[in-house]
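What follows is a set of notes on a single structure, which appears directly below.
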Amino acid sequence: MGTKTMTPHMVMSRTKFAQAMLLGMNASQAAVHAGFNSREGKRLAYEPFVMNLLAEGQKKLQKKFEYTRTKAVKLLYEAIDMSRVLEDPTAVIRAVQELNRMHGYLAPEVHEIHLSEDSSKRERQIKELSDEKLLELSAIDGEYEVLSDG
C-alpha cells in the first residue's frame, strides 16, 4: 500500500506500529499497541511503507548506539576526570593504561632490517665459512674451545 492511497490516520497507525517494532515488540504486540488486531501484525510488517519505516529506524538506532573508538576514548577521559575528583589514583592509572593500550603504545615495537643485495651476499659468505676460518678472522687470542653440534 503506497503513501498516496493512505489516509493520515493510516500513516500514523503504521508509524506507531513500526516504532513499537523498533522498541522490541513482536509483530502481534506492535499491532495491538498501534490499534490493530494482533493477527494483522505479520501482514503489516511486510507492507512496503512499514518496511521502509523499519529500515530507516534501524539505521538511526545503529548510528545512535554505535560504539566507536572515539566514544571509548571520550568515556575514558571522563573516567579520569571523575577519578581525580574522587581522588582515586588507581582508577586514573587504570584508565591511562587502557588509553595507552587502545592507542597501541603498549604494543611491542617492530624494527625491520632490510639488507641490500651486497649484505645478503656477505651474509651467505659468512655462513659458508668454516669455524676455524671464523675464529681466524675474529682475531681471538688465547684459549678457546670449539663446541661440536652434538
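FYI, it's all coordinate maths here, none of it is from the lab. Not measured: the values here are computed from a predicted model. Here the Cβ is made from the backbone with ideal geometry for all residues, glycine too, and neighbour counts use every protein chain on show.
Using helices alone, I'd like the mean residue ellipticity at 222 nm for the chain: each DSSP H run of four-plus residues gives -39500 (n - 2.57), total over residue count, nearest 500.
Numbers: 8 runs with 96 residues, N = 150.
Result for the chain: -20000 deg cm²/dmol, rounded to the nearest 500.
Under 14 Å from the Cβ of residue 83, count the other residues' Cβ atoms, weight Lys and Arg +1, Asp and Glu -1, and hand me the total.
Working: positive: 84, 94; negative: 78, 81, 87, 88, 98.
Taking every Cβ under 14 Å from that of residue 83, the sum is -3.
Can you give me the orientation-averaged projected area of the convex hull built on the Cα atoms of the chain, in nm²?
24.9 nm²
Lysines within cross-link reach of residue 74: Cα-Cα under 27 Å, excluding same-chain residues under 8 positions apart?
Residue 74 reaches 59, 60, 63, 64.
For region 3-65, state the average projected area of the convex hull of the C-alpha atoms over all orientations, rounded to one decimal in nm². Intermediate results must be reported in sequence, preceding the final value.
Numbers: hull surface 16.4 nm².
For the Cα atoms of region 3-65, the hull's average projected area reads 4.1 nm².
Near residue 16, which aspartates and glutamates are there with a Cα under 16 Å away, not counting those fewer than 8 places off in the same chain?
Leaving aside aspartates and glutamates fewer than 8 places away in the same chain, those within reach of residue 16 are 40, 47, 56.
If I require 15 Å or longer along the helix axis, counting alpha carbons, and a Kyte-Doolittle average no lower than -0.5, what helices from the chain are left? Use full DSSP H segments. Provide the component values of the computation, followed by the final result.
On the way: long enough: 8-22 (21 Å, 0.13); 48-65 (25 Å, -0.37); 69-85 (24 Å, -0.04); 89-102 (20 Å, 0.03); 117-128 (17 Å, -2.62).
Those that pass (Cα extent of 15 Å or more, hydropathy at least -0.5) are 8-22, 48-65, 69-85, 89-102.
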